Amino acid sequence: MSCFDVIVVGGGGSGLATAVSAAEQGVRVCVLEKQAAPGGTTGIAVGSFTSNRTRFQKEAGITDKLEDHVIDAGRFAPPDIEQHNNAALRRFFLNHSAEALHWLAGMGIRFQGPNPEPPNRQPRMHNAVPGAKAYIDTLVRRLQELGGSLVCGADVTELLMESGHVNGVCWKDTEGRVHRAGSRLGVVLAAGDYANAPDLIARFKGNDFQCIEGINPHASGDGHVLAEKAGARLLNMGVTYGPEIRFVPPADGTFQDRLPTTGWMAQWVGWLSNRLPKRWMQPFIKRLVVTWQHPEDALFDAGAILVNQNGERFTDERRSPQREIDIARQPNKQAYILLDESLIERFSAWPHFISTAPEIAYAYVKDYLHLRPDLAFEADQLHALADKRGLPAENLEKTVRQLNLDRPKDASAALKPLSGNRWVLLGPAKAWFTTTEGGAAINESFEVLDASGAALPGLYAVGQNGLGGQILWGHGLHIGWAMTSGYLLGRQFGGMRR
Ligand SMILES: Cc1cc2nc3c(=O)[nH]c(=O)nc-3n(C[C@H](O)[C@H](O)[C@H](O)COP(=O)(O)OP(=O)(O)OC[C@H]3O[C@@H](n4cnc5c(N)ncnc54)[C@H](O)[C@@H]3O)c2cc1C
């Protein structure tokens, strides 16, 4: 059996941050990653890291306060969600997040911003350039420089215990062979969330949500199951980010995927991103906004409808999350958004946008037609539109005829019949969980806790696996926590080794 100081379960953002931070302290660390390559949800994320009192804020002349961020972070989630927050742990995180951000910047990651995101009272959102993959590529390179081990295709299936102390793991390789690895200081659960684990979703959120997938198809909740089997208390397991409607990404990869993440080119792109005038940056940022952001509810409030690939309407578009559940029950779990002439006009100018990264960029109908020709189609007649998209034209026409009979024609009615000589179909769109917000209970030393609040010796958790009851709504706090928890825990192992 191979033996290390620390074994990290999961080579996503939090796992790699833990490993690098520990290896910098001379700790012998091994990361076991289930997939063929590291990355996890972090590797497909946008890359925002929201933090306070950073040197980038200071350089931009922004004076920020921890206590202000503590209050603002509680203003994103609705009260019924926010009431579940572990206030002490979230404050602890926000107090240390800038250290982690500076540590990453010191490794060569470039950040664009800080950008505003209301209700944050100060610009706090720092975006890794060109995207979150920069975290993964940079951390992997640094781990290799430091001599840490990273084994891919290693599916951790069991925690090893001796006298109630976690001291290793069992893992399976891609051929099904079983291996054991021992840990002297601890095993770190960094296996991400359970957005694509129907069993956990059904158990904690309800059977109706089981049909909804996670954006990351590999977000399987293994770390939560391992923690629970070891006796951990799991917190906030019914809280999820989403389900949300999002357009499917381009088949040939996103614009972001094509940009360099390390090396001089990445440094140059990063340098440029903070110097180019905002209007020059807009076209680039809009590409992100039309790739990952979800269509605003305002579209449906104004009368846009959802149809499936048979051209049929199947839900009440203004009833979320039922409409997301209904989308996931359609053929291929897909839907299309139909806009008539007046909706096209309305969603062509501020303040009526289709999707946004608030206060950074807004995307309108013409942006979708221009930047996402794979999912935005326009025609002057309904049947021509259906033909272009490969939907049965008769069905789509019948759907609109029926809708117009149902919607009152008087001018005062909230929703008007659909009509005119311009039609746009946007899609396919799917309903997805972005992340799940449940995690193992932990203390400020990242030790996993049981139902009585006692630490399970030798077991630690970080990132989404170790959320500890925090509510991290808004953009940039999930990556912030993944990196901050990993960074701090790695430092802590350094102290334990000496
Ligand atoms: C489209 C999208 C955009 C996002 N954008 C942002 C953003 O801009 N800012 C932000 O703050 N948050 C964002 N998020 C959320 C954020 O990216 C994640 O919450 C965060 O990166 C999770 O990091 P993690 O280390 O906890 O998990 P992950 O990065 O998912 O890493 C977990 C790793 O563990 C591995 N693993 C799982 N089970 C096992 C096992 N049994 N054995 C071994 N390995 C295992 C997985 O394969 C994975 O590599 C976004 C999410 C999505 C889906």
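Against the chain, whose longest principal axis is taken from its Cα atoms, helix 13-24 shows a tilt of about 30°. Once you have a ≥ b ≥ c as the square roots of the Cα gyration tensor eigenvalues for region 9-59, tell me rounded if a/c is under 1.5, and otherwise prolate or oblate according to whether a/b is larger than b/c. Note, shape of region 9-59 comes out oblate. Principal-axis analysis of the Cα atoms of the chain puts helix 133-146 at an angle of about 20° to the longest axis.
About its Cα centre, how strong a charge dipole does the chain have in debye, to the nearest 20, once Lys and Arg get +1 and Asp and Glu get -1 at the Cβ? Intermediate results must be reported in sequence, preceding the final value.
Numbers: 51 positive and 53 negative charges, 209 e Å.
Using only the charged Cβ atoms, the result is roughly 1000 debye.
Helical content alone sets the calculated 222 nm signal of the chain at -10000 deg cm²/dmol, taking -39,500 (n - 2.57) per DSSP H segment of four or more residues and averaging over every residue. Rg and Dmax of region 294-433, based on Cα coordinates, read 14.2, 41 Å. Dimensions of the chain from C-alpha coordinates, computed as largest minus smallest value along each principal axis and given longest first, are 76, 49, 42 Å. Overall, region 294-433 carries a charge dipole of about 260 debye about its Cα centre when +1 sits on the Cβ of Lys and Arg and -1 on the Cβ of Asp and Glu, all other atoms neutral.
At a Förster distance of 22 Å, what's the computed FRET efficiency of residue 348 paired with residue 413, Cβ-Cβ distance as r, to 0.05?
On the way: r = 23 Å, r/R0 = 1.03.
With R0 = 22 Å, the Cβ-Cβ based efficiency is 0.45.
Please report the antiparallel percentage of DSSP beta bridges with both residues in the chain, rounded to the nearest 5. So the antiparallel bridges amount to about 70 percent of the total. Between the Cα long axis of helix 87-106 and the first principal axis of the chain there is an angle of about 90°, rounded to the nearest 10. May I ask you to sort 220, 48, 14, 342 by Cβ crowding, counting other Cβ atoms within 10 Å and putting the fewest first? Starting with the residue having the fewest Cβ neighbours, the order is 342, 220, 48, 14.
All of the numbers you see were taken from the coordinates with simple rules; none came from a lab. As the structure is a prediction and not an experimental result, all values here were calculated from the model. Using ideal geometry, Cβ is built from the backbone for each residue, glycine included, and neighbour counts are taken over all protein chains shown.
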